[in-house]
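Right, one structure below, let's go through it.
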Amino acid sequence: MSVLQDLGRLSSAEDFFNYLDVPFEPTVVHVSRLHILRRMGQYLKGSEVDGAFDGLGDDEIKAQCRAHLEQAYQDFIASTPIQERLFKVHKEAIEPKLEPAGNFVPLDSLKVI
């Protein structure tokens, strides 16, 4: 089984940290677990697009995954999930609200035919 397949079978953020031997502070992971894993996924996706895993063995891929998880973890040591805005709900919270369209039709203007 490959490292990427092993990662696909993990079920918690702590599992990722333990599998990749990345030290972590439980209080940070407790607050930012989904954000850390999503950011790691973004870094991994970038690596795959760039072909960084091509021709590498499992140990080398595991080392790159470890580096991506460490980087993602550090992102949330230095920042917060709200500041990073990885999820749609956080992005939408700062978007300007659109005024409703002026297409109101009063009921008394409708006629039954």
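The residues of segment 11-28 that are assigned to a helix (DSSP H, G or I), exposed (fewer than 15 other Cβ atoms within 10 Å of the Cβ) and either in contact with a Lys or Arg (Cβ under 8 Å, 6 or more places away or on another chain) or of a type in the set (Asp, Glu) (or both), listed by number, are Glu14, Asp15. When residues in segment 29-62 are screened for being loosely packed, with under 14 Cβ neighbours inside 10 Å, at pLDDT 90 or above and over 16 Å from Asp6 (Cα atoms), 1 of them pass. Between Gly8, Gly102, the distinction of being modelled with pLDDT under 90, surrounded by fewer than 10 Cβ atoms within 10 Å (Cβ to Cβ), small (Gly, Ala, Ser) and in a helix (DSSP H, G or I) belongs to Gly8 only. Listed by first and then second residue, the pairs with beta-carbon distance under 6 Å, at least 6 apart or on different chains, first residue in segment 38-61 and at positive phi, second surrounded by 13 or more Cβ atoms within 10 Å (Cβ to Cβ) and in a helix (DSSP H, G or I), form an empty list.
The values are calculated or read from the model by the stated rules, or taken from the named source; none is laboratory data. Note that the structure is predicted; figures quoted are calculated from it, not measured. Heads up, the Cβs are rebuilt from the backbone with ideal geometry, glycines too, and the neighbour counts pull from every protein chain shown.
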